[in-house]
Every structure is written in structure tokens, then in C-alpha cells.
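**Q** The structure is given below, and queries will be raised subsequently.
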Amino acid sequence: MRVLFIVQGEGRGHLTQALTMEALLRREGHEVVGALVGKSSARELPAFFTRGMKAPVSRFDSPNFLPTPANKRSSLPRSVAYNVLRVAEFARSVWMLHKRIEAGDVDLVVNFYELLTGITYFLFRPAVPQVSIGHQYLFLHRGFNFPRAGRTSLALLRLFTRMTSLGATKRLALSFRPMPADEAQRIAVVPPLLRREVAAMKPRRGNYIHGYMVNSGFARSIEEWHKSHPSVPLRFFWDRKGAGRVTRVDSTLEFHAIDDHDFLCSLASCHAYATTAGFESVCEAMYLGKPIMMVPAHIEQDCNAYDACRCGAGIVADDFDLGRLADFAATFKPSAGFKAWADSAAGHIVPSLEKAAETVPVYPLSISTMFK
């Protein structure tokens with residue numbers, strides 16, 4: 001089976017999922033022929049992805065969410081305005097995706113939550129089957145519980161999620177825990193895609209707080225807390241464009257450019273973990289038995305954080321008040337059963353992809369059926 005990846009390039013989670021998926025498929029004798037990654041003007045593609053991906057990697061212009069002026073949470077008005085002005089660039093990307101899919105050497109497209117994949121399938125109806133994979137497809141599951149949030153925000157999130165998976169024969173919803181399939185929505189609930197490196201880590205309880213923030217504007221909050229607690233070692237990772245490998249504020253506060261190996265080693269040895277609630281890193285922390293504080297940067301991460309809290313993984317906060325994390329860590333007990341669920345990923349996901357490769361895409365699509 002020859003597989004093409006199309007990957008949303010914003011954040012770290014989809015990239016690490018793609019790396020893990022490639023390794024799973026290669027172990028089963030399948031070939032990943034390429035990885036097409038959406039690019040953002042505000043972020044750089046982390047070097048760990050280009051180093052780790054065996055298949056050729058290509059970039060294309062893709063819509064992305066812009067942060068507020070404070071560079072913390074995402075701003076919907078700014079994002080819409082910015083992306084509307086770039087419609088011509090995105091149209092060229094859609095045409096490129098269409099030509100690459102139809103090149104004749106692909107048996108299956110695996111879409112890691114990239115919006116332009118769904119639009120390509122809606123407009124051109126490629127003959128190649130597509131599977132969409134991501135935690136976000138759990139938001140379309142009738143059994144998923146949402147946090148208290150604005151109806152408009154949740155409706156837009158669900159709409160966006162449906163649009164990413166237009167034409168998909170299957171939606172694989174990565175989940176913190178097992179759930180029944182939702183056949184009406186073509187959803188199979190599967191374990192998270194954690195790399196072998198995570199399982200190989202030997203966690204220990206260090207003295208520092210490890211962190212990751214998707215928007216670098218949170219750095220000011222961390223520095224403010226640090227001024228009041230200078231004796232607490234802090235080691236945070238970011239993907240701030242133009243930042244050096246390590247930015248040392250002083251002897252107990254460091255900001256590191258995101259590097260997958262360094263990130264995992266730091267996570268495995270930390271006392272506790274503070275994050276903007278991306279699904280992938282929360283799963284890694286759960287696997288390694290770390291207490292977590294989640295500071296969501298947008299509505300999708302609000303849902304991630306709420307779901308993780310229901311599993312006993314951590315607490316939710318509005319800002320990086322790390323004192324709350326220290327208090328939580330003092331009484332934290334790791335979630336029972338999560339490691340076994342995560343370790344079963346290959347047995348759930350690879351057979352689903354193999355079956356999907358033999359399935360006819362879900363056509364015809366029309367305006368009335370595109371969101372079902």
C-alpha cells in the first residue's frame with residue numbers, strides 16, 4: 001500500500017502523529033510516498049520533523065489561526081481577515097494537492113486535519129480513498145462531552161472539523177480513552193499515536209517544571225510568575241520564529257526551541273508539566289505519569305483540556321499560574337489504564353487504514369450532504 005500524508009503544520013501534535021504513523025506503516029510493509037505539510041508565516045517547520053520523516057517532505061500555503069495582539073489565544077476575526085486575503089494562494093495549494101493525489105502512485109491519502117484536503121476532495125472528488133485522523137474528530141462523536149463554551153465557538157469548531165474531512169471514507173478519532181464507534185459519522189475511536197521514544201523513556205521526578213506553549217505571548221506570564229518564585233527551575237519549549245536554540249533568562253528559567261528529542265527527555269524527568277493543551281503532548285505526559293496544568297489557547301484546546309480533566313490527567317487554568325500546578329502535583333496520581341490503551345494503537349489504526357484503501361470514497365458530495 002502506497003500512502004500520501006497531508007499534514008496541518010500548525011503546532012507540534014499533527015507532525016509527531018505523522019512521524020509515528022509513518023513508522024507504523026513501514027513496520028507493516030507499507031510505503032509512505034510523501035508528506036505534504038501546510039505552512040504558516042508565523043511558524044517554522046521544526047527540524048525534528050524533516051529529520052525524522054523518511055518520505056520526501058513538501059510545503060504548501062495553508063490557512064492558519066492568528067493569535068490576539070498579546071499572542072496568547074487565537075483571534076477568530078484576525079484569522080478570518082488574514083486568510084480571506086490569501087485565498088488566491090490557497091487556491092493554488094488546492095490545485096497542487098489535487099494534481100499530487102491524482103498522480104497515479106497513491107493508494108490512500110491520510111489527512112492529519114488539514115482543511116485544504118477536505119476542500120480538494122469536495123471540489124475535485126479524487127478517486128483515491130482518504131482517511132482523516134486527529135483528536136478533533138471526537139468532537140463530531142455523539143457521545144463526546146463538551147465544556148461550557150459559547151455555542152457559536154463550538155458550532156464553528158465542529159464545522160471546521162467536518163470541512164477538513166470532506167470525502168473521507170473514515171474518520172479516526174484519537175482519544176484519551178476507549179469509546180464506541182459512531183458509524184453514522186464514519187468515526188472509529190482509536191488510541192493516541194505515541195512514538196516508540198515515549199515508551200522507551202524512563203520517567204523520574206525531577207525538580208523543575210517543564211512546559212510547552214503554542215503561542216509565545218504566554219512567555220510574559222511565565223516570566224512574571226518567575227520573578228515571584230525565582231528558586232523554582234522552569235524549562236519551557238516554544239516554536240517562536242527567529243528564536244535561538246536556547247534563550248536563558250537566568251539560571252532557573254530557559255526557553256528552548258522545540259526539538260522533539262530534547263522535549264521528551266525534559267518531559268520524562270520533570271516534576272510537573274504546563275502546556276497550552278495540545279492533545280499530543282498531554283498524552284505523552286499522561287503516559288509518563290506527569291501531573292499537568294492546561295492553559296488552552298483556543299476552543300479546540302478548551303475541549304482537549306476538559307476531556308483530559310475528566311480522565312484525571314490534570315487541571316485547567318486561564319494563565320500560567322504555576323503555583324496551582326505545584327499544589328496539584330502534590331496529590332496527583334497517574335491515570336490507570338492509559339498506558340495499555342496507548343500501547344494498542346497499531347492494532348487499531350493500521351487495519352483501519354488497510355481496509356480504507358480498498359474502499360470507494362464517499363461520493364457524490366453536494367452542498368446538502370457535505371456536512372453529514
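**Q** Return the pair list, or none, for Cβ contacts closer than 8 Å from residues in the stretch 227-255 that are more than 18 Å from residue 274 (Cα to Cα) and outside the structural domain of residue 45 (by TED's automatic domain parsing) to residues that are at pLDDT 90 or above and assigned to a loop (DSSP other than H, G, I, E, B), at least 6 apart or on different chains.
**A** 250/230
**Q** Now for a different question. Can you find even one residue in the stretch 122-133 that is in a helix (DSSP H, G or I) and either touching a Gly at 6+ places or on another chain (Cβ under 7 Å) or at pLDDT below 90 (or both)?
**A** Yes, some residue in the stretch 122-133 is in a helix (DSSP H, G or I) and either touching a Gly at 6+ places or on another chain (Cβ under 7 Å) or at pLDDT below 90 (or both).
**Q** If you go through the stretch 178-193, how many residues are at pLDDT below 95 and either of a type in the set (S, T, N, Q) or under 13 Å from residue 24 (Cα atoms) (or both)?
**A** Number satisfying all stated conditions: 1.
For (1) farther than 23 Å from residue 328 by Cβ; (2) surrounded by 15 or more Cβ atoms within 10 Å (Cβ to Cβ), each residue gets a yes or a no:
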site	(1), (2)
210	no, yes
221	no, yes
225	no, yes
230	no, no
244	yes, no
253	no, yes
256	yes, yes
262	yes, yes
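**Q** Right, here's the next one. Could you grab me the full set of residues in the stretch 282-295 that are farther than 13 Å from residue 176 by Cβ and either in contact (Cβ under 8 Å) with a residue 40 or more places away in the chain or not assigned by TED's automatic domain parsing to the domain that holds residue 212 (or both)?
**A** 288, 289, 290, 291, 295
**Q** Sticking with this one: Check off (1) farther than 19 Å from residue 206 by Cβ; (2) free of Cβ contacts under 8 Å to residues at least 24 places away in the same chain for residue 331 and give me the number that stays unchecked.
**A** Only one criterion in (1) farther than 19 Å from residue 206 by Cβ; (2) free of Cβ contacts under 8 Å to residues at least 24 places away in the same chain is unmet by residue 331, namely (1).
**Q** Could you go through the stretch 175-190 and let me know if any residue there is in the same structural domain as residue 21 (by TED's automatic domain parsing), within 20 Å of residue 63 (Cα to Cα), surrounded by fewer than 22 Cβ atoms within 10 Å (Cβ to Cβ) and of a type outside the set (Val, Ile, Thr).
**A** no
**Q** May I pose another question? Got a sec? Which helices (runs of 4 or more DSSP H) wholly within the stretch 279-348 have at least 1 residues that are among the β-branched types (Val, Ile, Thr)?
**A** 279-287, 299-310
The values are calculated or read from the model by the stated rules, or taken from the named source; none is laboratory data. Note that the coordinates shown come from a computational prediction; the quantities given were computed from them, not determined experimentally. Note that we place each Cβ from the backbone using ideal geometry, even for glycine, and neighbour counts take in every protein chain shown.
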